[in-house]
Amino acid sequence: MSDIFKKIGKTVTETGRSVGEKTKQMGSVAKLNGKITASEHSIEENYRIIGKYYYDTYKNDPDAEIAEKVNAITASIDAIAEMKDQILAVKGLVKCVNCGAECSIESDFCGKCGAKLVKPEPPVVEAEEAAEPAESEVSETNTEE
Ligand SMILES: [Zn+2]
């Protein structure tokens, strides 16, 4: 009887020990995976910083191999600026080029710094259609004079 209990006791202890080992192993694997993920994030962040540095430094003269990506960033930046202006226009506002204050599109001068406000062109499609005859009219007028 006591032998049986000893055996059972031993088995339980061994099982407990091996479960403990497994748990410990899993814990260190999880810990290592966590550290790997953190290192990968660090790499990505540093790549991002290097990319930003490269863009800021070489955006006007990028290497041919990477020029397409550099120009794509510039195009996105320009598009964002244009869309932000469009949002302001929809809201009836215009941004002061001098101080950045958002002023009513009805005003001629900035309410904050007094600079003359540069008004955006009227809605895109109409502006393109209207601009061409207006330009030719102007040049014709200039030629006649
Ligand atoms: Zn201003």
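A short reminder: the numbers here are calculations on the coordinates, not readings from a lab. Predicted model, so just to flag it, every value in this text is computed and none were measured. In this analysis, Cβ positions are derived from the backbone assuming ideal geometry, glycine residues included, and neighbour counts consider all displayed protein chains.
Legend: distances between Cα atoms for 69/91; 91/119; 59/91; 84/112; 91/112; 31/52; pairs beyond 23 Å are 69/91; 59/91; 31/52. Within the same chain, lysines fewer than 8 places from residue 35 are excluded, and of the rest, those with a Cα less than 25 Å from its Cα are 22, 24.
Taking the simple approach of a point 7 Å from Cα along Cα-to-Cβ for both residue 46 and residue 22, what is their distance in nm? Between residue 46 and residue 22, the label points sit 3.8 nm apart. Between residue 88 and residue 119, the simple label model (points 7 Å from Cα in the Cβ direction) yields a spacing of 1.5 nm.
Compared with the direct C-alpha span, the chain from residue 61 to residue 104 gains 11.6 nm at full extension, assuming 0.36 nm per residue.
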